[in-house]
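Reviewing the structure listed below.
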Amino acid sequence: MSELVRLEQVERRFTRAQSVVRALDGVSFSVAAGERVALVGPSGCGKSTCLNLISGVDRPDAGRAHVLGLDLAQARERELELLRRRRIGIVFQAFHLVPHLTVAENVALPLALDGRADPARVRELLERVGLAARAEHYPGELSGGEEQRTAVARALVHRPALVVADEPTGNLDSRSGAAVLALLEELVRESGATLVVATHDARVAASADRVLELADGRLVAERARAG
Amino acid sequence: MLLRALCLRPALRTPLRTLATLFGIAAGIAALVSTRSASRAAVEALRGGVQDLAGPALLEVSFPGGLAFEERARIAAAAPAVRALPVVDELALCPALDDTLRLIGVDFAAELEAGRAALAAPEVLRAGTPLPTVARTLAGEGVWIPRALGTRLGLAVGGELELVLRAQRVGLEVLGLFDPPTDSALFERVVVLQAARAAELCRRPGRATRFELVPRGPLDAAASAELTGELTRELRAALPAAWRIAAPAERASESAALVDTLDFHLDVLALVSLWVGCVLVAISLATSVVQRRALLALLLSLGASRAQLARALAWEALLFGLVGGALGVGLGHALARVSVDGVRATTATLVGAQPAGRPTLSWDDVLLGLGLGAVTALVASLLPILEARRAPPLQDLRRAHPELLSARSRRRALATCALLLGLALALLQLPPVDTYPLAAIGAAFVLQFALLALLGPLFDHVGRLALAWQATTRAALVLRLAVGALASGRRRAAWAAGAVAIAVTLSVAIATLVGSFRASVDSLVTQAFSAELWIRPPQGALGGPVGTLDARVLERALAVFGAEHVDPYHVSEARVGGASVKLSGAQFEVLRREGLLVAADGRPISELFERAWSRGEALVNESCALRFGLAPGDRLRFEVVGRAVELPVAGVLRDYGDSRGEIIVDRARFLEWMPEVGPVNLAVFLPAGESVGAARARWQAACEPDWRLEVYSGAEMRAGALQVFDRSFAITRGLEGVAATIAVIAVLTVLFALLRERAAEVGLLRALGAGRAELGLSLGLQAALLGLVGGLLGCLAGLATGWILVEYVQVQSFRWTMDFAVPWLGIAETLGVLTLICAVAGLWPAAVAWRWPPAALLRGDD
């Protein structure tokens, strides 16, 4: 299988007041096309930083990071924009829906940014996530689970090759979280996309093809799913 | 602790916002302090000049055209308790300064004997002065000038001072330099010489401008008052009724009253600037509250009461007000030094060219600036306090979603607007208080509040429109995001648009007033200056009459052009019901054929002059007619040179020259009363077929070599009048600039606040692949929409306010009507330029947003 993501000795540092925090310290791994990979570890271990790098939202300070054939350290901003716009879908822990766009408009947002319109695709996804009846509602009128389902639909509307999800169930109760997770996995599988998930949730880790364990910014363990 | 945590530290962390808030207050205070300071300098120069010269003099006796020096004995006989000191007092043009100097002729020996030290007498006659100098001074062979003036002109003892007096060039030897007893502004521009010589130079040989009556010994205030009363009775009984007997201060009082009226209007304009600044401060403080919502919510959760928060915000506003006020006072004082010449130019058109006063900063200015700054900021703090009261406790903080106004709220806002419009109309029906149009100005302010009441429903409507279309294409998405952001932050958007609207209202109102004024002046001068050639004494750079024409000039003009073509114009003063008005004399016989000026009722002007000439009637200007309730056919009673006169009114003329009012009589009648008062200009109506150039050449050939005259064609006079107008209103350009700056700052303040509120959204859009173009367009569109909406409303309100200024404020203050002219091109330019500037300004927050790392935004980092 071809590699969609390859990180080699990647470092990412943040300066806080007078000290330097190494959020990632020489992390190396790869993700093949069609894989479902879970990043696990305690809070502050670097999971979100890793996902931000993979999704092209951030750049490494050292090392090499290739995503979908693009060297993230060398890529121009425009190339990263197009990467995020057309080939990557992101699901955030805090949902991050645009409050003054309707549900349908939020889902269509990636297409609209790319100058495209596909109402049928939007309708299809809304039906799949069970929000067809809420298409004209605003995020402020939805429950947490409904908001995250909207975010899942948005992440898939443009048929991305890679879906990145940062703690997708972190702000949800267990029942809603389970529903959202199942929906995400189902839709990703159907679309043939690759999924990388950062999570505390053991169920999420359990359903992944491979689990990468991070601690203090380093990759400390890697496990494949049995069977 | 609460003040420090909630207000002071955030203020230090956002230096730009802090500076914007301080600027809003400082700009308004500076405008007010500078205009007050400059006007006060002009008034003090008027009053101080009189008082410094008069010194201990209790009364002065005068007559238009002067009193013979021999009359001193008559006055002394009637008032033995005082010394009668002759004074010759005339303005002369100093070519080196291109400005006026005051020529004062005194009897040095009498001055010394009377103990008046102001005008060089002690220095002229002190023991150390060389005898030849003393002798030459007493013989009138030269002048003494203040040492500072000598330095300024580069003149030492023995140098020659060139002046133009009664249109003639004179060169005077400087015999001495003296140090004035005070630092009054008068002594920056005074020239002193022997009275007899001064009278000769002024073409009134043997005549003093006035006699000043000085007590023979020192008196306290009570004794002075008693003596003054006694003297007045004695002198009125003994001297001719035509002679004026009054305290020296009265001479300046009426001129000062005219300047006070101008001062009032400048104060109103400055207060409007302060109002605009107040709006900016309100927006700045309110958006800062928005940015501190999380902190406010936390404090509420921890047990702070809303009253405590409100008090902290009020203290914050007060601190801003005091600091901003202090900055404004300093800036205003600096600006006053720049604007004093502008004010002087305006007062010159009212009361003639006067020496400049020095703007000073008084404790009153400081206290006014600090007080108004504090009040402005406290008023402005109502908005942020209201905003803070809406902040929920931390547990309930939710992201905003579009809130549309309920039907009830919309109706309430529209009803408020209608009520305020009704109040404005009611205020317009009220009369002025004295000549101060307070009710009309109040109506203009009420109109602004009516406009503000409309903003909520307006943005609500914009929001509803935005929600009606689907954002499925990139262009529609960008527009949708922009409009949606404004609709979501409807209150903040309304604030910014409100600030823009008020700033545009100010600009358009001023442009309408000035445009209407200018159009009226242009129309009037086209007809007023219908004579082909004009001859007058030279004026300084600031304009305004400097003396009168010598009798030889008039004789020569009559000889060159013929009496049937020359209209000499004389000016003096009369009293109607005790109030001072301008009295002028013109050649009705010429004007009944040639015409000049414009009739208020539209009748042919020659008809009015024919009637006045043939029946011996008078004409009045519009100000006089409105001030005293006169109409054609009424009988006008007035007092001139001590005698009561009654004349029918032949007609009313339109002009803008003198808001006191003007009575115009035939020149022959004028000269019966005041034979020694020379003309201030000559209007020459050329015979058919003669060109202006040929006439000018003829005149130049006939002039004496030492004459200094200004000779203009009618077209040049018209252009000159408009130039004076434009110069007088230059100060309003500055106020328009202040308003535009404040509008842009308000828009930027709100955009940055909205941007910070929407940081996560910006991060999201960046994460989803939005580029610079989308961000820039969205924010630029938001800014342009704020500018456009505010600008449109402001234009409407500005036109209405301008109409109030033209139809009510102007008429009530200055008592003449002008044509209402809408500056459509100027308004379109203002709207277009402002929208463009706002749109471009919106790129700044876009550029800032572009630099924010999307990952940090999504994390919620500051």
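The values are calculated or read from the model by the stated rules, or taken from the named source; none is laboratory data. In this text, all values refer to a predicted model and were calculated from it rather than measured experimentally. Cβ: placed from backbone, ideal geometry, glycine included. Neighbour counts: every protein chain shown.
Within region A:78-91, restricting attention to residues that are over 18 Å from A:V37 (Cβ atoms) and at the interface with chain B (Cβ under 8 Å from one of its Cβ atoms), which residue is surrounded by the fewest Cβ atoms within 10 Å (Cβ to Cβ)? So, considering only residues that are over 18 Å from A:V37 (Cβ atoms) and at the interface with chain B (Cβ under 8 Å from one of its Cβ atoms), the one surrounded by the fewest Cβ atoms within 10 Å (Cβ to Cβ) is A:R78.
A:R154 meets each of the listed conditions (1) within 11 Å of chain B (Cβ to nearest Cβ); (2) assigned to a loop (DSSP other than H, G, I, E, B) apart from (2). Whether any residue in region B:437-444 is part of a loop (DSSP other than H, G, I, E, B), free of Cβ contacts under 8 Å to residues at least 60 places away in the same chain and in contact with a helix residue (DSSP H, G or I) (Cβ under 9 Å, 6 or more places away or on another chain) is what I want to check. No: zero hits. Number of residues in region A:97-124 that are free of Cβ contacts under 8 Å to residues at least 40 places away in the same chain, more than 7 Å from every other protein chain (Cβ to nearest Cβ) and either buried (at least 19 other Cβ atoms within 10 Å of the Cβ) or at positive phi (or both): the value is 3. Scanning region A:20-32 for residues that are at pLDDT 90 or above and within 13 Å of another protein chain (Cβ to nearest Cβ) gives a single hit, A:L24.
Can A:R59 be described as within 8 Å of another protein chain (Cβ to nearest Cβ), over 13 Å from the mean Cα position of the chain (by Cα) and not in a strand (DSSP E or B)? The answer is no for A:R59. Only residues that are assigned to a helix (DSSP H, G or I), more than 30 Å from B:D179 (Cβ to Cβ) and at pLDDT 70 or above were counted in region B:9-55, giving 24.
Please specify each residue of region A:83-121 satisfying the condition of being assigned to a helix (DSSP H, G or I), more than 19 Å from the chain's Cα centre (by Cα) and not charged (D, E, K, R). It would help to see each step written out before you state the result.
Step one: filter region A:83-121 for residues assigned to a helix (DSSP H, G or I), giving A:83-86, A:103-113, A:119-121.
Those left that are additionally more than 19 Å from the chain's Cα centre (by Cα): A:103-105, A:112, A:119-121.
Correct list: A:V103, A:A104, A:A112, A:P119, A:A120.
Tallying residues that are crowded, with 22+ Cβ neighbours inside 10 Å and not in a helix (DSSP H, G or I) within region A:168-190 yields 3. When the residues of region B:813-862 are filtered to those that are outside any helix (DSSP H, G or I), more than 14 Å from chain A (Cβ to nearest Cβ) and aromatic (F, W, Y), the one that is surrounded by the most Cβ atoms within 10 Å (Cβ to Cβ) is B:W816. Every condition in (1) in contact with a strand residue (DSSP E or B) (Cβ under 9 Å, 6 or more places away or on another chain); (2) part of a helix (DSSP H, G or I); (3) farther than 22 Å from A:I88 by Cα is met by A:V220 except one, and the failing one is (2).
Residues checked against (1) out of contact with any helix residue (DSSP H, G or I) (no Cβ under 8 Å at 6 or more places or on another chain); (2) closer than 16 Å to A:V91 by Cα; (3) among the aromatic types (F, W, Y):
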| residue | (1), (2), (3) |
| --- | --- |
| A:E127 | yes, no, no |
| A:L131 | no, no, no |
| A:R149 | no, yes, no |
| A:R203 | no, no, no |
| A:D216 | yes, no, no |
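Answer yes or no: is there a residue in region B:501-509 that is in a loop (DSSP other than H, G, I, E, B) and either surrounded by fewer than 24 Cβ atoms within 10 Å (Cβ to Cβ) or not small (G, A, S) (or both). Within region B:501-509, not a single residue is in a loop (DSSP other than H, G, I, E, B) and either surrounded by fewer than 24 Cβ atoms within 10 Å (Cβ to Cβ) or not small (G, A, S) (or both).
Condition check for B:R147 on (1) surrounded by fewer than 20 Cβ atoms within 10 Å (Cβ to Cβ); (2) touching a helix residue (DSSP H, G or I) at 6+ places or on another chain (Cβ under 8 Å); (3) basic (K, R): one failure, at (2). Between B:T137, B:T133, the distinction of being touching a helix residue (DSSP H, G or I) at 6+ places or on another chain (Cβ under 7 Å), of a type in the set (S, T, Y) and not in a strand (DSSP E or B) belongs to B:T137 only. Scanning region B:724-738 for residues that are more than 14 Å from chain A (Cβ to nearest Cβ) and at pLDDT 75 or above turns up at least one hit. For region B:181-230, filtering for residues that are over 20 Å from B:G150 (Cβ atoms), assigned to a strand (DSSP E or B) and of a type in the set (V, I, T) leaves 2. Here B:L785, B:L796, B:L748 are screened, and the one residue that is in contact with a Phe, Trp or Tyr (Cβ under 8 Å, 6 or more places away or on another chain), more than 30 Å from B:F628 (Cα to Cα), in contact (Cβ under 8 Å) with a residue 60 or more places away in the chain and in a helix (DSSP H, G or I) is B:L748. Working only within region B:320-361, note down all residues that are outside any loop (DSSP other than H, G, I, E, B), among the hydrophobic types (A, V, I, L, M, F, W, C) and at pLDDT below 75. The answer is B:V338, B:V340, B:V343, B:A345, B:A348, B:L350, B:V351. Of everything in region B:627-647 that is touching a helix residue (DSSP H, G or I) at 6+ places or on another chain (Cβ under 7 Å) and touching a residue at least 24 places away in the same chain (Cβ under 8 Å), the residue that is nearest to B:P64 (Cα to Cα) is B:V641.
The helices (runs of 4 or more DSSP H) falling completely within region B:584-656 that include 1 or more residues that are within 32 Å of the chain's Cα centre (by Cα) and among the basic types (K, R) map to B:622-628.
Filtered by the rule that a residue be of a type in the set (A, V, I, L, M) and either surrounded by fewer than 17 Cβ atoms within 10 Å (Cβ to Cβ) or part of a loop (DSSP other than H, G, I, E, B) (or both), region B:680-728 gives B:L686, B:A688, B:A694, B:A697, B:A701, B:A702, B:L709, B:A715, B:A719, B:L722. Within region B:186-212, residues that are free of Cβ contacts under 8 Å to residues at least 12 places away in the same chain sit with their Cβ atoms under 6 Å from residues that are surrounded by 23 or more Cβ atoms within 10 Å (Cβ to Cβ), at 6+ positions apart or across chains, in these pairs: B:P205/B:A199. Among the residues of region B:761-775, just one is outside any loop (DSSP other than H, G, I, E, B), more than 14 Å from B:L481 (Cα to Cα) and within 7 Å of another protein chain (Cβ to nearest Cβ), namely B:A767.
Determine, yes or no, whether B:L153 is under 30 Å from B:P64 (Cβ atoms) and either among the hydrophobic types (A, V, I, L, M, F, W, C) or in contact with a Leu (Cβ under 8 Å, 6 or more places away or on another chain) (or both). In short, no.
Okay, residues lined up against (1) surrounded by fewer than 20 Cβ atoms within 10 Å (Cβ to Cβ); (2) closer than 27 Å to B:A770 by Cβ; (3) out of contact with any helix residue (DSSP H, G or I) (no Cβ under 7 Å at 6 or more places or on another chain); (4) within 13 Å of chain B (Cβ to nearest Cβ):
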{"residue": "A:V5", "(1), (2), (3), (4)": "no, yes, no, no"}
{"residue": "A:V10", "(1), (2), (3), (4)": "no, yes, no, no"}
{"residue": "A:Q18", "(1), (2), (3), (4)": "yes, no, yes, no"}
{"residue": "A:G34", "(1), (2), (3), (4)": "yes, no, yes, no"}
{"residue": "A:L39", "(1), (2), (3), (4)": "no, yes, no, no"}
{"residue": "A:G46", "(1), (2), (3), (4)": "no, yes, yes, yes"}
{"residue": "A:D71", "(1), (2), (3), (4)": "yes, yes, yes, no"}
